[in-house]
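The values are calculated or read from the model by the stated rules, or taken from the named source; none is laboratory data. Keep in mind the model is a prediction, meaning the values are calculated, not measured. No Cβ is skipped: glycine too gets one built from the backbone with ideal geometry, and neighbour counts run over all protein chains shown.
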Amino acid sequence: MKNNKKGGFGGLFSGKGFYAALAVCLLGAVTAAWVTVDRTISSLNEATDIPEPEQRVIAEEKYNPEDSLFASEDVAKPKEDVKIEQPEKPESGKGTLNIFKNKTVFSMPVKGEICGTHSGGELVKYEALNEWRTHDGIDIAAEAGTEILACADGKILSVTSDPLWGTVVEIQHDGNIVSVYSGLAPEVPVKAGDEVKSGDVIGTLGETNLAEVNMDSHLHFAMKENGKFIDPKTKLK
């Protein structure tokens, strides 16, 4: 009886029964392992499934330097077209264009050599008077009767007869400048208030300059600026 039981229970694990039980155990182990792996993969997927950050879409705009945060007034801007005005050409027969029309140009009142200079405020001996005086102009050699010309455009300020300097004509010019012509002949073709142009005849050289009568014939020519005598050579062309 005992031998039958032992033999029956042992037979369960011998032969085909043993292999069937082994297959069931392996299947269970494989199933458990698969479940474990599946859960692990699911956990990893959940952990790595991070939503991508929202991307801001910036519309493409044309760059404008003036819209920059650091833009300043120094930002280069397109230059406006600059029109260069050309000077008008003079009409035929009316001379050349004077680009210095607003600047007075002074010319020699008579052609000749300068034989006496401006003393710059220093005293010089006047032999005819036997006196020491300042020589406030220049002396230009010329023969008596030579035409004397206005050195620039202006207005006749005065025509006087001085006991030492003879017949004297003064012309007022722009820039508060006055030109002085001494030793002219008594008869002059101009009077105070007359308008004259550069080169107009204002008289002829005479022999009325008694202050320098001992010298060769010449025109005593002086200039004043703001009421003070200056060296005419600083103004003459």
Of all residues in the stretch 178-225, how many are touching a helix residue (DSSP H, G or I) at 6+ places or on another chain (Cβ under 9 Å) and either outside the structural domain of S161 (by TED's automatic domain parsing) or under 11 Å from A150 (Cβ atoms) (or both)?
1
Selection count, the stretch 199-216, where residues are in a strand (DSSP E or B) and among the hydroxyl-bearing types (S, T, Y):
1
Looking at the stretch 178-198, can you tell me whether even one residue there is in a loop (DSSP other than H, G, I, E, B), at positive phi, exposed (fewer than 14 other Cβ atoms within 10 Å of the Cβ) and touching a Lys or Arg at 6+ places or on another chain (Cβ under 9 Å)?
yes
Any chance S119 is in contact with a Cys (Cβ under 9 Å, 6 or more places away or on another chain) and among the polar types (S, T, N, Q)
no
From E127, E170, E122, grab the single residue that is in contact (Cβ under 8 Å) with a residue 24 or more places away in the chain and of a type outside the set (S, T, Y).
E127
